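Single-structure report; data block below.
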Amino acid sequence: MSVVRVDAATVTMISLIGSLADNKGALGRRYGEWAVSAPTIESAVAAAAMAQDELGHARSTYPVLAKLGVEREDAGLDAGHPLVVISSELPDWASFIAANLVVDGVLTTFVAGARDSSIEPLAQRARKILQEEGAHKVHAEAWARRMARVGGPDLELLVRRTEEMWASAARWPGPDGHDGYTAAVEAGMVASSPSAIRAQVRDWLSALLGGVSLDEPGDWSEWDEQYRR
Amino acid sequence: MSVTSDSVEARLWEALRGVEDPEIPVSVVGMGLIVSLAYRASERAADLEITFTAMGCPAMDFIEEDIRSALLADPDVDMVNIEVVWDPVWTKDRIRAEARSRMRNLGIAV
């Protein structure tokens, strides 16, 4: 990867946009793997449709990097550095729902804050991504409510998977007060601070899944700024 | 814009009306995919902005190829520039009335 412009805000946005695309691509793969084994045929069809959406989001997001002066040689759906929790096959349906709730939730909340970004190609794509993510949210919420209603081991597993996903995805926006992120907000590249993204997703998930424990990430000493994990 | 450019643009729009969405027998114009079309006589170039119904649309490449072929078939066009844009966001409101009618006749709810 070669970076031409090196101001702090742009470097942070390059990391955010590249990682957004990487994680969208990984979500597409993970969703796609459940398109033949979801609990119901309707959910399998939904998984396939969501996979197609996510792969489209990834493909459409990578070109924004070029507008920021970055040529990423490994940009593509077989490469990238997604969050560890979605870097390999999801072990159970609860993980699928948790990935949609938490990982997609965090990414979409970030995208919502880029709807009026001063990086116009990002703003353009954000509006379309948000349109398509609406259906993903409906799917995740419907399954979470269904599992909450039934209770028992399925709900316990969903809560556990949600907490596992949160431990990873909550770190994606980065630490609050990060110089590059703060500069990006000041430059109008993105609207929501890392802690605001986490708070919004946490409030939503807490209302949806009583008993879930979603702590603010603590130690950032080993956080990888480039891959946001 | 010269009269020549106007007439070429009119022909190009007509050519686009012959390019169908591979998944639904409705033209890309009828589907509301074409955001803008301009002809530059000095370059003999057609500049087209297109959007798609979904970012993951599997037919995007086919549609772009079909559009390129259709526009290059015009005797006054040597170059076609296609830019995919996501704003305006495509919604069903972009489907033109004649296409809407055709889709209803095919049993597609719009």
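Site pair B:Ala97 and B:Arg44 shows an inter-label distance of 3.9 nm when each label is modelled 7 Å from Cα along Cα→Cβ.
Helix B:3-16 axis versus longest C-alpha principal axis of chain B: approximately 30°, rounded to the nearest ten. Modelled this way, with points 7 Å down the Cα-to-C-beta line, the labels at A:Lys67 and A:Ser206 are 3.6 nm from one another.
Working from label points 7 Å from Cα in the Cα-to-Cβ sense, the B:Ser36 to A:Glu156 distance is 6.0 nm.
Give me the distance between the Cα centres of segment B:34-67 and segment A:132-180, rounded to whole Å. That distance is 38 Å. Compared with the dominant Cα axis of chain B, that is its longest principal axis, helix B:60-72 is turned about 40°. Take every Cα pair under 8 Å whose residues are at least 6 apart in sequence, average their separation, divide by the length of segment B:3-105, and the relative contact order is 32 percent.
For chain B, the convex hull spanned by the alpha carbon atoms encloses 102 Å³ per residue. Relative to its residue count, segment A:118-186 spans a Cα convex hull of 105 Å³ per residue.
With the charge dipole of segment B:3-105 set up from +1 on Lys and Arg Cβ and -1 on Asp and Glu Cβ about the Cα centre, the Cα lying farthest toward the positive end among the listed residues B:Ile82, B:Ile95, B:Asn105 is that of B:Asn105. For segment A:3-123, the alpha-carbon coordinates run over 48, 28, 20 Å along the three principal axes, in decreasing order. A dipole drawn for chain A from +1 and -1 charges on Cβ atoms has a positive end, and of A:Ser88, A:His139, A:Leu107 the residue lying farthest that way is A:His139.
Kirkwood Rh, segment A:80-229, all Cα pairs: how many Å? Spell out each step's value before the answer.
Numbers: mean 1/r = 0.0625 Å⁻¹.
For segment A:80-229, the Kirkwood estimate is 16.0 Å.
Adding -39500 (n - 2.57) for every DSSP H run of four residues or longer, then dividing by how many residues chain A holds, sets the calculated 222 nm ellipticity at -20500 deg cm²/dmol. Taken over the Cα atoms of the protein assembly as shown, the convex hull encloses 154 Å³ per residue.
Where a number appears in this text, it was derived from the coordinates with a stated rule and is not lab data. Just so it is clear, the model here is predicted, and its values are computed rather than measured. For neighbour counting, all protein chains shown are included, and Cβ atoms are generated from backbone atoms with ideal geometry for every residue, glycine included.
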